1. Output the number of residues of region B:299-321 satisfying the condition of being touching a helix residue (DSSP H, G or I) at 6+ places or on another chain (Cβ under 6 Å) and more than 7 Å from chain A (Cβ to nearest Cβ).
2. Would you point out which residue out of A:183, A:128 is within 25 Å of residue B:315 (Cβ to Cβ) and surrounded by 14 or more Cβ atoms within 10 Å (Cβ to Cβ)?
3. Could you grab me the full set of residues in region A:57-72 that are in a helix (DSSP H, G or I) and in contact with a helix residue (DSSP H, G or I) (Cβ under 7 Å, 6 or more places away or on another chain)?
4. Would you confirm, using the coordinates I've provided, whether residue B:291 is within 26 Å of residue B:226 (Cβ to Cβ) and outside any loop (DSSP other than H, G, I, E, B)?
5. Please go through region A:226-246 and give me each residue that is part of a helix (DSSP H, G or I) and out of contact with any strand residue (DSSP E or B) (no Cβ under 9 Å at 6 or more places or on another chain), ordered by number.
6. Do the conditions hold for residue B:172, that is, is it within 7 Å of another protein chain (Cβ to nearest Cβ) and in a helix (DSSP H, G or I)?
7. Just for region B:182-195: of the residues that are within 9 Å of chain A (Cβ to nearest Cβ) and without any contact (Cβ under 8 Å) to a residue 40 or more places away in the chain, which one is nearest to the chain's Cα centre (by Cα)?
8. Take residue B:163 and decide whether it is at positive phi and either at pLDDT 95 or above or within 14 Å of chain A (Cβ to nearest Cβ) (or both).
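The values are calculated or read from the model by the stated rules, or taken from the named source; none is laboratory data. Quick caveat: nothing in here was measured; it's all calculated off a predicted structure. Every residue, glycine as well, gets a Cβ built from its backbone with ideal geometry; the counts of neighbours run over all protein chains shown.
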């Protein structure tokens, strides 16, 4: 390529790079706000106008009792629902990617449907079910609801991760005399584990942050997002920012550990 | 039962896959029937017994059958728990939603609606909340287009120029979304507030006239405007656009672009004729993942909008949880889902993409 074109090309390249950099910064603007305002000393009950720098909120992150209780509920719900959904979802993912069988197309489609249904429809329809059954909505119904959307999510995520998996390894293990059960735990499971853990982490984050589906099925139960929403008319404590920052740092650390570990020993699966 | 050809003498089934599929579908139908209360009393007990029998029967066949039978039944066994969960807590609720939407509340304060084929709820949904439906879809559509415009270049740069920093850059796209959705939206409401930094900057640069002229600002305000709601939606769903586009761009062999250039294509033409068509599946998936949740969202409208920018999600939430008018809320939910389903089908036809999942 000659003079003018390549000069224009270089300008376009730089323009695009700058644009991408601006978008990345844009993604972090509210995050910076959240972290920054966790160090604020608000006047009154609303932590939305900058006053003074303080470490008080970080030294007493659990000062706001209602918020802390709600946060603990969120952690409990996320732990239970993630554990169950990860098992159910991973089983589906293995079934769909390991075997070819009748009806797999239909099951695939059925799996995608919950993720292409707006959350408000998921939440309100499940609430009509519980109303119909005369079930009081609370902790259990929220766990049930979270598992429902997490199963699809885990199954699709794990399936995507094991797509390049070499299933003949199982054959090899069995040719060498391993029983199917032993083959699974010694060969298959360790290789698909990173994918399963990634899916579990993401679905834990989905659960802890879920607002819409939870709102419809929580009854009088309060979770972290529900508490913030419910009390926003009277208060927005800086501890909310502290807890949100803790969630952020914790999930990023887990993510980083995963990346470092997987890059130190590359598994066969992509 | 036919005898197994693998290990003669052991009972096995040649059509194990049909048995597995049939058993799974039967179990799903039974659980749905029980869940929908189509079967009550002794019939429900019978159905439960049948359900247990199906599961036990499958286990027996799998244990007694030869390796071939076991292998063929395995996928259905693995699918069963998750699929039954989805049947009971995703599929059945859609039925009860439909039923509730055709019901009537006996009195204003009644909790249980009575099913009586009341189509009036659908009429009410359209006459009373037509504006909210319109706004919901309009805002979601604008936000989706903005997500493509903002997200595509970033996905492109990461995929083609990220080099060994690709995964780090991709991680940076995802990281912000590990903080609470609600608090992120509250953050925007503070950032866009009248005394906030953004309005301050615009005023300082004396650009408020310009922003008013293009309809972003209203009376010198950013917060509580349609633009703020759309901006919130755009921000909150942006990664759902960036990630699928990145995935489709990453699969493109850079040699294809080089080949186009070798054949005297300009960079722009190579993009239009090679890269863009190959990235359409990503744009397609991203559009679905952005538009569908945005159309049903009510958080952005609640925290960033005003009473005249409410979306259909706000109305459903209000009718269901505040006014306790579950039949009307159910009717609106159902209409929302139906419109989205039709839109997705039409869009799929338009782009002709097979890679839905």
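1. Start the filter on region B:299-321 by keeping residues that are touching a helix residue (DSSP H, G or I) at 6+ places or on another chain (Cβ under 6 Å), which leaves B:299-301, B:303-305, B:309-316, B:319-320.
With more than 7 Å from chain A (Cβ to nearest Cβ) added as a condition, the list becomes B:300-301, B:303-305, B:309-312, B:314-315, B:319.
Total satisfying the criteria: 12.
2. On the way: A:183 fails: within 25 Å of residue B:315 (Cβ to Cβ).
Unique residue meeting the criteria: A:128.
3. A:57, A:58, A:66, A:67, A:70, A:71
4. Numbers: within 26 Å of residue B:226 (Cβ to Cβ): yes; outside any loop (DSSP other than H, G, I, E, B): yes.
So residue B:291 fits the description; yes.
5. A:226, A:227, A:229, A:230, A:231, A:239, A:240, A:242, A:243, A:244, A:245, A:246 - these are the residues of region A:226-246 that are part of a helix (DSSP H, G or I) and out of contact with any strand residue (DSSP E or B) (no Cβ under 9 Å at 6 or more places or on another chain).
6. Numbers: within 7 Å of another protein chain (Cβ to nearest Cβ): yes; in a helix (DSSP H, G or I): yes.
Yes: the conditions hold for residue B:172.
7. B:183
8. On the way: at positive phi: yes; either at pLDDT 95 or above or within 14 Å of chain A (Cβ to nearest Cβ) (or both): yes.
Considered against the rule, which asks whether it is at positive phi and either at pLDDT 95 or above or within 14 Å of chain A (Cβ to nearest Cβ) (or both), residue B:163 comes out as yes.
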